[in-house]
Amino acid sequence: MKKKKCFISIATVFMFAVCLSACAENHMDGVFTGSAAGMDSVITATLTIENDRIIDVTLDVSGETKGIGDVTGEALSHQILEAQSSGIDGVSGATVTSKAVQEAVQDALDQAAGKESCSEMQPGTYYAAAHGAKHDLTVEVEVSPDRIESIRVIEANDSPYVSEAAIAQMPKRILEKQSIAVDAVTGATLTSAAIRTGVSDCLVQAGADLADWSGKEDIGQGDSLSVDVLVVGGGTSGLLAALAAKTDSALSDVDSGLDVLVVEANGYAGGNLAICGGYIASYFGTELNAYTGNSIEAEALVGALTELYPQYADVLDKELMTHIADLTDDTLNGLMARGFYLTGSDAYIGRSSRISSDGPTEYTSSTVVADQDTGERSGDNGYDVYGGGAYFAKSLTEIVGQAGVQIRYETTATSLLMNEDACIGVAVQDHEKAYNIYAKKVILATGYAGFDDETISLYLPAAYGNVVGAETAANQSFAQKQITGLGGKVNDVHDPISDGHIILGYNTVLAHFGEERKLYNEMSGMLVNKEGARFVDDSDRGHDTAMKVMALGGTCYMIFDCTHEGVRFFDFLKENGLAWSAGTVEELAEQIGVDSDRLLATVSKYNQDYEAGMDSEFNTPVDQMAPIITAPYYAVQVNAISTGGIDIAVYTDAHMNVTLTKGGMPVENLYACGGAGSGSYFPLCNIGLGSHVVGCMASGLYAGSCAREALQQ
């Protein structure tokens with residue numbers, strides 16, 4: 001049999017859908033339900049049709065991305081009723097969900113038009129492209145009349161390491177279930193959605209009715225298991241805790257004999273290490289320090305930090321801070337001996353004002369090769385998924401696996417299992433089943449407080465609900481919520497000093513990396529709030545401005561004209577629902593939803609100040625102002641985002657045992673490290689580039705060692 005081979009882009013499919021719905025054809029009266037694969041779920045569209053008109057629309061987008069896709073139902077329903085077709089504009093920032101709704105509506109319209117779906121497909125090999133996190137990817141799908149026989153991702157260029165989990169797992173899931181209604185790989189949802197969309201496209205090309213390929217199984221109950229040490233969270237600190245429990249305090253090539261298991265909510269391990277850009281600080285005793293000639297001993301470092309933060313004297317545990325700092329050399333030396341992606345020649349000298357109250361102080365950090373082909377280094381560019389952090393996460397994960405630690409991916413902890421005052425394990429759930437894991441020792445490495453609704457209502461001011469949690473390991477505050485649920489308290493040090501994770505950025509997809517970030521990081525331009533008024537010195541694009549944006553609702557706009565160098569990013573940002581252009585300022589104001597008179601007055605005053613050589617409102621240096629004179633005019637949305645979380649942690653004692661209150665009795669068998677337990681040592685993670693990584697690493701090593709030693713007594 002000759003295989004059919006064709007290539008249709010997903011955009012072409014949607015153009016065809018719009019054409020179909022616009023054609024003159026009669027629809028039967030009744031209720032019809034269509035379906036299509038969305039970002040995180042199968043979306044259904046139920047249409048009520050009378051006298052060839054859609055009179056009611058019910059969309060089920062409840063399984064889509066929280067706060068993004070799952071809130072589009074009402075807006076998209078209105079668009080469908082107004083268009084009387086699937087030819088809708090969609091919702092900016094929820095492109096994948098919007099397109100899936102279009103497909104589902106067209107499916108329902110086809111049914112209403114009496115088009116019969118064929119249960120059999122035309123055998124052959126089909127190709128389709130769909131947009132992932134950063135770029136298009138292409139899938140190759142081979143089908144028989146009644147089966148999907150094979151799926152291959154033949155071209156992809158999404159975020160390194162992170163996207164690999166989706167590329168490895170999504171085809172397997174779809175093939176195993178013979179369904180497109182499979183869960184996205186957690187932490188790689190955009191690449192997962194692109195694969196699912198591409199496969200759906202291929203099935204349509206083959207003549208399939210997607211409703212026949214959208215079955216989803218319920219979560220079942222799995223068998224329990226028992227281990228010696230269970231680590232909840234496979235980020236930086238969790239992986240080190242597991243490695244230390246499996247080996248020794250120096251991470252030597254030994255086996256403790258303990259059965260150590262890590263459960264990780266994402267489809268890959270490493271957490272925020274995967275996007276750290278390639279920075280790890282080293283204070284003393286390593287090849288990096290030998291290379292720079294710079295060292296700061298543990299006691300001197302901790303002494304300087306405690307002097308710098310006198311307001312936290314009753315919070316910080318100086319003894320614990322010293323112990324963790326003293327383990328940073330063992331941590332890095334042990335990892336490098338095991339082949340970690342870091343060498344002495346990666347070191348450089350950094351300067352930080354967060355070490356001493358006397359002013360900037362030098363310390364040693366690292367910048368590693370970020371591009372294996374060109375040898376390009378990560379450079380001093382902050383967090384970046386295209387930096388060397390992906391290689392850090394990958395090599396650390398391999399080291400932990402080679403030591404004999406098992407990692408269960410996409411396994412989310414749902415609750416602690418308690419026997420009176422003792423922790424005896426954790427209840428978990430993966431994409432197929434829920435089950436219990438019983439453990440002699442449990443280590444919580446679930447990160448800082450996140451930005452989910454429950455965390456904000458429990459611990460944070462409401463303004464934090466305006467923050468976009470971008471490119472994070474999806475911190476959901478498991479440790480904090482569980483301890484609160486047991487009647488405990490949390491260690492809350494979130495203030496302007498420790499909230500350095502709140503920065504300017506775009507959205508959950510673009511976050512704040514890629515060349516387009518130069519627009520709001522480096523280029524001059526006027527910033528306005530949602531009312532069209534200026535609110536800040538435009539030359540300040542740092543933490544203080546990000547906090548002001550957060551307080552203003554989380555969004556501001558950068559306004560410029562056609563002479564601005566940022567115009568080169570316009571097409572790309574527009575595709576992502578982040579940029580607008582118009583021939584007049586009034587039209588631009590209408591597009592972004594601000595008062596046109598107010599924006600016009602703001603632009604006029606800004607231009608007058610530029611001509612006068614002085615910003616009379618916010619003292620922005622005139623050489624960092626960009627007059628808005630020549631049409632067309634542009635607006636780009638900039639948001640307050642976070643690449644990490646907020647410093648709200650559980651309490652621990654000197655041996656990393658969790659306590660319900662500061663100085664209270666430990667919860668038996670329960671430990672915490674990394675962001676989850678950082679309240680008493682947070683300055684170690686807040687010095688500068690790379691300090692967060694090494695601080696979390698060393699705290700994990702210490703927690704894992706404490707758990708191991710307790711079991712070996």
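The values are calculated or read from the model by the stated rules, or taken from the named source; none is laboratory data. Note that the structure is predicted; figures quoted are calculated from it, not measured. Quick reminder, even Gly has a Cβ in these numbers, built from the backbone with ideal geometry, and neighbours come from all protein chains shown. Ligands, DNA and RNA are excluded from the accessible area calculation, which covers all protein heavy atoms including side chains. Shrake-Rupley method; radii C 1.70, N 1.55, O 1.52, S 1.80 Å.
For this structure, a couple of remarks:
- Extension gain, Leu486 to Lys216, is 93.7 nm, computed as 0.36 nm per intervening residue step minus the present C-alpha separation.
- In segment 624-710, the portion of solvent-accessible area held by carbon and sulfur atoms comes to 55 percent [1.4 Å probe, whole percent, DNA, RNA and ligands not counted].
- Label-to-label distance, nm, for residues given as Arg351 and Glu82 (7 Å Cα→Cβ offset): 5.4 nm
- Computed in the context of the full set of protein chains, the accessible area of segment 489-617 at 1.4 Å probe radius has 47% of its extent on carbon or sulfur.
- Efficiency of FRET from Cβ geometry, Lys66 and Ala654, R₀ 45 Å, rounded to 0.05: 0.75
- Relative contact order, percent, segment 70-199 [alpha-carbon distance under 8 Å, six or more residues apart]: 19 percent
- Extension gain, Asp136 to Ala551, is 145.9 nm, computed as 0.36 nm per intervening residue step minus the present C-alpha separation.
- Helix axis angle, 162-177 relative to the chain longest principal axis, alpha carbon, degrees: 50 degrees
- Estimated vicinal HN-Hα couplings, Hz - segment 371-376 in sequence order (Karplus 6.51, -1.76, 1.60; Gly, Pro = x): 10, 5, 7, 9, x, 4
- Full extension of the chain segment joining Glu420 with Asn521 gains 31.1 nm, where the gain is 0.36 nm per residue of separation less the Cα-Cα distance.
- To the nearest ten degrees, helix 73-83 and the longest principal axis of the Cα atoms of the chain are 20 degrees apart.
- Accessible surface computed residue by residue for segment 117-260, with neighbouring protein chains in place and a 1.4 Å probe, gives 36 Å² per residue.
- Between helix 189-205 and the chain: long-axis angle, C-alpha atoms, 0 to 90°, nearest 10: 30 degrees
- In this label model, Gln712 and Ala631 are separated by 7.6 nm, measuring between points 7 Å along each Cα→Cβ vector.
- With a Förster radius of 25 Å applied to the C-beta separation of Glu586 and Gln608, the computed FRET efficiency comes to 0.85.
- The computed Kirkwood radius over Cα pairs in Å for the structure shown corresponds, within (1) 32.4; (2) 29.4; (3) 27.2, to (3).
- Rounded to 5, the percent of DSSP beta bridges in the chain classed as antiparallel: 75 percent
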